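Please read the structure below before turning to the comments.
The values are calculated or read from the model by the stated rules, or taken from the named source; none is laboratory data. This one's a predicted model, so the numbers in the text were calculated from it and none came from an experiment. Using ideal geometry, Cβ is built from the backbone for each residue, glycine included, and neighbour counts are taken over all protein chains shown. Note: areas computed on protein heavy atoms with side chains; ligands, DNA, RNA excluded. Shrake-Rupley method; radii C 1.70, N 1.55, O 1.52, S 1.80 Å.
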Amino acid sequence: MQPDGRKARGEKRREEIIAATLRVIERDGVAGVTHRTVATEAGVPTTSTTYHFSSLDDLLVATLISCARDMATEVYWMIDRARSRGSRGADEVAGLLAEALGPRRGRTMAEYELYLLAARKPELRPAARRWLDVLTSMVRHDDEISFRVFLAGIDGLLIQGLIDDEPPSADELRPVVAYLLKPR
């Protein structure tokens, strides 16, 4: 049986629109997201964005879910690399954070802006919480409180790094991450 080409093209277009939405947020913030600005960024007609996402909330939820999926994939491979090296993960987490605050700073800022929007829009909250659910399911931990402290510490490092004039390096982040990973 041949795959349905229309369905594949529709899914590809949907992913292009989501990627364009994230680029608009990186450049203009969430306030800059309209069907028209996203369509222009994606190089598609506005009718295409409204066909795939009838409301802006639908578009923002899909973008949040996409970010959570991407982050989960990245964290999964980071955990895999750490385990294969017999590492507790401080080097890998510090590297991931340095990347998020350096070359990927705009994307990190856009993701946090989306997460914070969920504080004002309850319909976005399940999508915003999704990445925490994914992380919790992927990372083995014996102590729920220590794990939550670790996640809160990572969020704090990212927020602080976003407001720094110069992003911290992996070497600067490593001792803090190692401290957060210490068994309690």
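For ARG125, the requirement of being within 21 Å of VAL176 (Cα to Cα), in contact with a helix residue (DSSP H, G or I) (Cβ under 6 Å, 6 or more places away or on another chain) and among the basic types (Lys, Arg) is not met. Within segment 83-113, the residues that satisfy the criterion of being modelled with pLDDT under 80 and farther than 17 Å from ASP171 by Cα are ARG83, GLY86.
Pairing residues of segment 155-184 that are farther than 11 Å from LEU97 by Cα with residues that are of a type in the set (Asp, Glu) and open to solvent by less than 100 Å² (accessible area, probe 1.4 Å), at Cβ distances under 7 Å and at least 6 apart in sequence or on separate chains, gives ARG184/ASP143. Highlighted here are the helices (runs of 4 or more DSSP H) found entirely within segment 78-141 that include at least 3 residues which are open to solvent by 70 Å² or more (accessible area, probe 1.4 Å) and out of contact with any Pro (no Cβ under 8 Å at 6 or more places or on another chain): 105-120, 125-138. Exactly one residue out of THR73, THR40, THR47, THR63 is of a type in the set (Val, Ile, Thr), part of a helix (DSSP H, G or I), surrounded by fewer than 16 Cβ atoms within 10 Å (Cβ to Cβ) and modelled with pLDDT under 95, and it is THR73.
Only residues that are free of Cβ contacts under 8 Å to residues at least 40 places away in the same chain, over 18 Å from CYS67 (Cα atoms) and surrounded by 11 or more Cβ atoms within 10 Å (Cβ to Cβ) were counted across segment 1-31, and they come to 0.
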